[in-house]
Structure formats: structure tokens, C-alpha cells
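To keep things clear, I will list the structure first and then write my remarks on it.
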């Protein structure tokens, strides 16, 4: 690495607190075991011989549990703080994963799938609140990008390791995923300093950009339920997430059913996403964060997602799968960090947990809807129709975010 590259590296990570690095390390440990969700649809259809719509229902239970977990977690964060919620969420989710791996009954699998995320996704609003605590106005995007870097570094390990373990026994996936959750909880408990009981979430330092001042000029908005622009943002985010979440459900089925790929090769292809985000996103955010508005970057990310799906219709071959994965990866890098940044900077300090809970719940709703839409369209209409439908959903989201850009620039 030459001196110029080294300076870029240092500047990209400058100003991030020690506690933020500890939190990111815990996220990395947890994500190294992220493999059950990724291979669940293949496991249910190929290993347990469930139908594709049945697999879609079980996958929707991930989303239903996530919805409950995010809502409950947000309420608890405002009452007891983010620290205990992060620890207990990871610990309980790890235990649920270990139990899930022993289940063979369809309804018990659905139940414990729900419990995995009902416990585990309480972590989301707690994690978002902790990022707000450990970062400042000037480095929100870098802190979020660091958190996502840790997630995606772990995600490069999870799919590859999961693909290898699945070739031996799917049971190993549940053990690996569960134990890494428990390990991450232990790491936070023993390494991340506990906040003092009197310590409050820090005052949420708002961005002074034109769009933030336009959206934050009403001090009476201390609840997200009265913040109409924030609620609109959540709707458009849910639409984007509904399309993106096919990454975890329909794409693995597409690789297995249409291309007859092995679990090992599916894992390597999916890991390409994590590698791309891990290598590029932090530096990308550092360079572009002040060059355009959040909603413009989000809109660009949506365009990448639409193209990533649509090219799967007329073109075929492994190289097309790689190109599609690249486009989906760039969609994630442009859209998700700026969605998270907007959600955090929009939330008032006194109701941070509720704002973050609603943001997490928007993704949870998408996680319910996405597998139901995807698997039923696959079963009745095929993959090509699915790619068209997903592009249409993403297009509505694109129009919504363009409206928000217009609304904030006019305000």
C-alpha cells in the first residue's frame, strides 16, 4: 500500500471512537455465523422436501419475528437502554438457533424460526441507538459504514463456511450460527464498557444540510407517528427492502433450481456481495457523502437493483450471475448507508428508540412480504415474472425517493 492509499485509509476511518470499533468487532463475530437465513430456503426445499410456497411461509416467519423483535427492542431501548438489549438479544437468539436446528416438524420449524428473529432483531434498534451514542455529527456516515463493513466482512465468511458445512450436514449451520451469536453477546458483555446508569443517549446532532433542516424544522415532532415525511420514508424503504430481500430467498433458489449449483458454489457467489461491500463501501462513503444528497444516492442504488434483476431475464450464464451480483452489491452500497444515516439523524434524542424501531420494522415487514411474494410467483409464474415484479416494486420506491428529494430541496 503506497502512502497515498494509506492516507485515504486513515482519513476514511478517522474520528471513529474505540467503543464503535468494539461494537463493529462484535458485529463481525456475529455475522461470521450468518448462514441459516441464507441457506434456509434451499434447506427446506431440498433437504426437508417442503414445497416452495411452504418454504416461503417459513421464511416469512423470519420477518414476522423480526417485526416483533424490532418493535419490542425499540420500546425497551427507550426504557432500559441499548446495552442490555444488545447482550440479551444475541444470547437468546443464539439459543433459539440451536433449538431450531433440531426441529423436523413443519410447524415447529416455523415457530422457532419466528422466535429466532423475535429475540435476535431486538438487537437492531439497540445497535442503531448505540451507533448514535458512539458517533458524532461529523462521522455518522463513517460509523454506519464501519458497522456495515464489519457485517459484510463477516458475511464473506458466513456464506463460504455455510456452503462447506451444508455439504457435510445442515445441522452444522445452526450450531455455527447459534454459537457465534452467543460469542458476540459474550464479547459485548466483557469488552464493551457498560454505560453509567445516569448516562443518557447523547443529543442527536443534526446535519446542517439543506435536506435535514427542511425535514427537522418542527420541534414538536418528538414521535415518529406524527412525522409524516419520516413515515413516507419508511414506506419507500419497505418497498426497496421487499425487492432487495429476494437476495436471501429467491436468488438462492434460482441458483439451485435454474443453474443446479451446489451449496458450496452458492455460498461463494453470495459471499461476493460481502467481499464487494467490505472492500469498497467505506472508501466510497468517505468520498461521496458530501458530494450529493442522501436521496440521490438512494435513488441511484435502486436503479442498480432494478438492472441487477432485469438482466437475469434475457441473458444467461455464470458471468451474468456475477454481473447481477455486482449490481445488487452496488445497490446496497449506495442505498442502505444513506437510508440508515437519514433515519438516525432524523430521530430526536428523546424518542431515538421508537424511530429506530420503526426503521427496523420497515425492513421486518419487507422480510415478511418478500418471501411470500417471491416463492408464490416462482411456483405459479416462474423466475422471469418475478424479476419483472421486483423491478416494478423497486421503481415505485425510486419514484417515492425522488419525491422526497424534491420535497426536501423545495423546503
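So what's the gap between the Cα centers of region 12-85 and region 120-160, to the nearest angstrom?
Rounded to whole Å, the Cα centres lie 12 Å apart.
When all C-alpha to C-alpha distances in the chain are sorted into bins of 10 Å, what percent of pairs does each bin hold, rounded to whole numbers?
5, 23, 35, 26, 10, 1
Taking a quarter of the surface of the Cα convex hull of region 228-309, what do you get in nm²?
Details: hull surface 26.2 nm².
Convex hull of Cα atoms, orientation-averaged projection: 6.6 nm².
Can you sort 328, 29 from fewest to most other Cβ atoms within 10 Å of each residue's own Cβ?
So the ranking, lowest neighbour count to highest, is 29, 328.
Eigenvalues of the Cα gyration tensor times 5, then square-rooted: what semi-axes does that give for region 357-411, in whole angstrom, largest first? Could you put the intermediate results ahead of the total?
Numbers: eigenvalues 158, 54, 4 Å².
Sorted largest first and rounded, they come to 28, 16, 4 Å.
For region 94-197, compute the orientation-averaged projected area of the C-alpha convex hull (one quarter of its surface), in nm². Walk me through the intermediate numbers first.
Values: hull surface 32.4 nm².
For region 94-197, averaging the hull's shadow over all directions gives 8.1 nm².
As an exercise, use a Förster radius of 56 Å and the Cβ-Cβ distance of residue 49 and residue 18 to find the FRET efficiency, rounded to the nearest 0.05.
0.65
What percent does the relative contact order of region 283-411 come to when contacts are Cα pairs within less than 8 Å and at least six residues apart? Please report the intermediate quantities before stating the final value.
On the way: 97 pairs, mean separation 49.5, N = 129.
Reported as a whole number, the value is 38 percent.
Quick check: the distance between the Cα centres of region 337-364 and region 264-318, to the nearest angstrom?
22 Å
Based on other C-beta atoms within 10 Å, arrange 227, 78 from fewest to most. Working shown, then result.
Details: 227 23, 78 20.
Least crowded to most crowded, the residues run 78, 227.
If you line up the Cα atoms of region 130-180 on their principal axes, what length do they span on each, largest first, in Å?
48, 17, 8
With label points built 7 Å along Cα→Cβ from the Cα atoms of residue 262 and residue 395, find their separation and express it in nm.
Calculated label separation equals 4.0 nm.
Test of understanding: ordering 165, 251 by Cβ neighbours within 10 Å, fewest first, what list do you get?
On the way: 165 22, 251 26.
Ranked by crowding around the Cβ, least crowded first: 165, 251.
From the P(r) of region 289-342, could you give the percentage of C-alpha pairs in the tail past 13 Å? Kindly include the intermediate steps, with their values, before the conclusion.
Working: 804 of 1431 pairs.
Summing the P(r) tail past 13 Å for region 289-342 gives 56 percent.
Taking the Cα atoms of region 24-139, what is the range of coordinates along each of the three principal axes, in descending order and whole Å?
For region 24-139, the Cα spread along each principal axis is 50, 26, 22 Å.
Compute the relative contact order of the chain as a whole-number percentage, counting only Cα pairs closer than 8 Å that sit 6 or more residues apart in sequence. Show your work: numbers first, answer last.
Working: 690 pairs, mean separation 118.4, N = 411.
The normalised contact order for the chain reaches 29 percent.
For residue 107 and residue 384 in the same chain, what is the full-extension length gain: residue separation times 0.36 nm, less their Cα-Cα distance, in nm? If you can, show how the numbers build up before the last one.
Details: separation 277, 0.36 × 277 = 99.72 nm, distance 3.06 nm.
Taking 0.36 nm per residue and subtracting the Cα distance, the gain is 96.7 nm.
Just so you know, all these numbers are worked out from the coordinates, no wet-lab data involved. In this text, all values refer to a predicted model and were calculated from it rather than measured experimentally. Positions of Cβ are backbone-derived with ideal geometry, glycine not excepted, and every protein chain shown enters the neighbour counts.
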